[in-house]
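Heads up, the thing below is written out as structure tokens.
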Amino acid sequence: MKVKTILVSQPEPKIENSPYFDLQEKQKVKIDFRPFIHVEGVPAKEIRLQKIDLSNYTAIILTSRNAVDHFFRVADEMRFKVPDSMKYFCQSEAVAYYLQKYVVYRKRKIYVGKRTFSELSPTIKKYKDEKFLLPTTDKLKPEVPEILDGLAVNWKQAVFYKTVISDLSDLEDVFYDILVFFSPSGIDSLFKNFPDFKQNETRIAVFGNTTIKAVEAHGLRVDISAPTPETPSMTMALEKYINKINKGK
């Protein structure tokens, strides 16, 4: 069956030159975007129950843009003025760049990793006298606390935001040729919304090994996967598949 429609389980890209828009135009397919999960902030009252006093910390570890947003949201709700002396350890350049939404970059002590958390860890290790706070999600990858424990630094984790399953009931009678997933939470959302989901002729595209495992654990078939050496991005994997199916290449 030729591919005509694709549903990507993420918000629509805000940039005009997104490769998804290029793919849509080049391959003449319809691509819709719909987040299967979303993030909700944990109220300051609940964070206090986690025994968190922001004034006790001298450094913040930020693993995502959500972590940045919710740290400053909570600080505002707690009426805590973040001191200029606060150190920020950002997992990637994208997170560090996003931090400029809240602080004057050149006037703050900001330390940046390359991409993964393990790449940030040597920098954190150099600052053993700091008291680190890790504002995070309830779906934190286990490797993060394992790495921090291994560094023997003074740190504490607190859940500042949660991953919540979105209501997709309006999609019950809508069918797509390809469904695209990026996390096990997206698969959980699919079955929470549609417990009787049957794959049939629907192709499933997944990003990452943990997502592949989640798909297979539900007895579904993975038709398209990324990253691979040949197709490091999801859009490249989709294009390769569409070329093969639609044009018989």
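See the values below:
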read-out	value
Region 100-128: number of residues that are farther than 22 Å from Asn154 by Cβ and either under 23 Å from the mean Cα position of the chain (by Cα) or at pLDDT 95 or above (or both)	7
Residue satisfying all of: in region 18-47; free of Cβ contacts under 8 Å to residues at least 40 places away in the same chain and in contact with a helix residue (DSSP H, G or I) (Cβ under 6 Å, 6 or more places away or on another chain); surrounded by the fewest Cβ atoms within 10 Å (Cβ to Cβ) among these	Ala44
Options Val164, Val206: the member that is under 19 Å from the mean Cα position of the chain (by Cα) and over 30 Å from Ile60 (Cβ atoms)	Val206
Number of the exception - Ile15 against (1) closer than 25 Å to Arg115 by Cβ; (2) surrounded by 13 or more Cβ atoms within 10 Å (Cβ to Cβ); (3) of a type in the set (Val, Ile, Thr)	(2)
Of the criteria (1) in contact (Cβ under 8 Å) with a residue 40 or more places away in the chain; (2) of a type in the set (Lys, Arg); (3) under 30 Å from Lys45 (Cβ atoms), which one Lys192 fails	(1)
Check on Leu134, within 27 Å of Val39 (Cα to Cα) and at pLDDT 95 or above	yes
Flag if Ala75 is open to solvent by 40 Å² or more (accessible area, probe 1.4 Å), without any contact (Cβ under 8 Å) to a residue 60 or more places away in the chain and small (Gly, Ala, Ser)	no
Matching residues, region 208-240, being assigned to a helix (DSSP H, G or I), small (Gly, Ala, Ser) and open to solvent by less than 20 Å² (accessible area, probe 1.4 Å)	Ala214, Ala237
Residue in region 51-60 that is free of Cβ contacts under 8 Å to residues at least 24 places away in the same chain and under 30 Å from Ile242 (Cα atoms) present	no
Spans of helices (runs of 4 or more DSSP H) in region 100-204 with at least 2 residues open to solvent by 20 Å² or more (accessible area, probe 1.4 Å) and over 29 Å from Gln24 (Cα atoms)	117-125, 143-151
Whichever residue in region 86-98 is in contact with a Lys or Arg (Cβ under 7 Å, 6 or more places away or on another chain) and part of a helix (DSSP H, G or I) and, among such residues, is farthest from Lys131 (Cα to Cα)	Tyr98
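The values are calculated or read from the model by the stated rules, or taken from the named source; none is laboratory data. Keep in mind the model is a prediction, meaning the values are calculated, not measured. Here Cβ is always computed from backbone atoms with ideal geometry, including for glycine, and neighbour counts include all displayed protein chains. SASA here: full protein model, heavy atoms, side chains in, ligands and nucleic acids out. Shrake-Rupley method; radii C 1.70, N 1.55, O 1.52, S 1.80 Å.
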